[in-house]
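So the structure is just underneath, and the comments pick up after that.
The values are calculated or read from the model by the stated rules, or taken from the named source; none is laboratory data. Just so you know, these numbers come straight off a predicted model, no measurement behind them. Cβ atoms come from the backbone with ideal geometry, glycine included; neighbour counts cover every protein chain shown. Ligands, DNA and RNA are excluded from the accessible area calculation, which covers all protein heavy atoms including side chains. Shrake-Rupley method; radii C 1.70, N 1.55, O 1.52, S 1.80 Å.
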Amino acid sequence: MITEYWLIRRGHYRVSDLYTAKRDGWYFYFYGINLRAYAAYLSGILINVVGFAGAVARDVPLPAKRIYQMSFFTGFGVSALVYISLNYFFPTPGSWQKFHEVDESEFVDTEREKAGKSGSEEEGSVDGDEKIKDKAHDSQEKVEIKAV
């Protein structure tokens with residue numbers, strides 16, 4: 001999940017796609033199972049299996065024991081590399097995109113000017129500001145997202 005959020009999606013998520021089963025959604029997987037994540041999960045376990053056998057009274061090479069002693073880090077690293085590789089070669093919708101920041105403050109100021117609000121009116125009108133912020137949010141969703 002860390003690799004998915006920070007490296008693949010670059011810190012972005014789409015709430016509307018979390019609650020839909022559309023085939024073009026960011027979180028649509030094969031019968032609801034992310035096979036890339038499952039393969040990465042298994043690879044993180046398999047790197048430590050030989051060391052685990054050494055921990056339960058089998059004779060195994062010393063490097064296998066050392067890898068097992070650092071199983072959290074080795075498992076996490078291998079899983080992350082496998083997951084990144086699988087997502088690179090078999091990308092999902094919304095992955096590896098370049099996201100552009102949207103400065104909402106300029107949009108809100110422009111909408112206030114269009115509405116003809118002055119500084120004293122702004123303080124008392126919470127409802128008007130909410131409408132302007134909703135418009136800003138709607139325009140932010142319409143921003144073109146280009147793939148890298």
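Considering every residue within region 57-70, establish whether at least one is modelled with pLDDT under 85, β-branched (Val, Ile, Thr), over 17 Å from the mean Cα position of the chain (by Cα) and surrounded by 13 or more Cβ atoms within 10 Å (Cβ to Cβ). Within region 57-70, one or more residues are modelled with pLDDT under 85, β-branched (Val, Ile, Thr), over 17 Å from the mean Cα position of the chain (by Cα) and surrounded by 13 or more Cβ atoms within 10 Å (Cβ to Cβ). Residue pairs whose Cβ atoms lie under 8 Å apart, sitting 6 or more positions apart in sequence or on different chains, and linking a residue in region 67-85 that is closer than 13 Å to residue 4 by Cβ to a partner that is of a type in the set (Val, Ile, Thr) and open to solvent by less than 50 Å² (accessible area, probe 1.4 Å), are 79/3; 80/3; 83/3; 83/8; 84/3; 84/8. One residue stands out among those in region 71-83 that are of a type in the set (A, V, I, L, M) and buried (at least 16 other Cβ atoms within 10 Å of the Cβ): the one that is farthest from the chain's Cα centre (by Cα), which is 78.
Just one of (1) over 16 Å from the mean Cα position of the chain (by Cα); (2) farther than 12 Å from residue 3 by Cβ; (3) open to solvent by less than 90 Å² (accessible area, probe 1.4 Å) fails for residue 94. It is (1). Take the conditions open to solvent by 60 Å² or more (accessible area, probe 1.4 Å), part of a loop (DSSP other than H, G, I, E, B) and in contact with a strand residue (DSSP E or B) (Cβ under 9 Å, 6 or more places away or on another chain) and apply them to residue 23. Does it pass? Considered against the rule, which asks whether it is open to solvent by 60 Å² or more (accessible area, probe 1.4 Å), part of a loop (DSSP other than H, G, I, E, B) and in contact with a strand residue (DSSP E or B) (Cβ under 9 Å, 6 or more places away or on another chain), residue 23 comes out as no. Restricting region 1-20 to residues that are of a type in the set (A, V, I, L, M) and open to solvent by less than 80 Å² (accessible area, probe 1.4 Å) leaves a set whose member that is farthest from residue 92 (Cα to Cα) is 15. Can you tell me which residues in region 26-49 are open to solvent by less than 80 Å² (accessible area, probe 1.4 Å) and within 16 Å of residue 78 (Cβ to Cβ)? Within region 26-49, 36, 37, 39, 40, 42, 43, 44, 45, 47, 48, 49 qualify.
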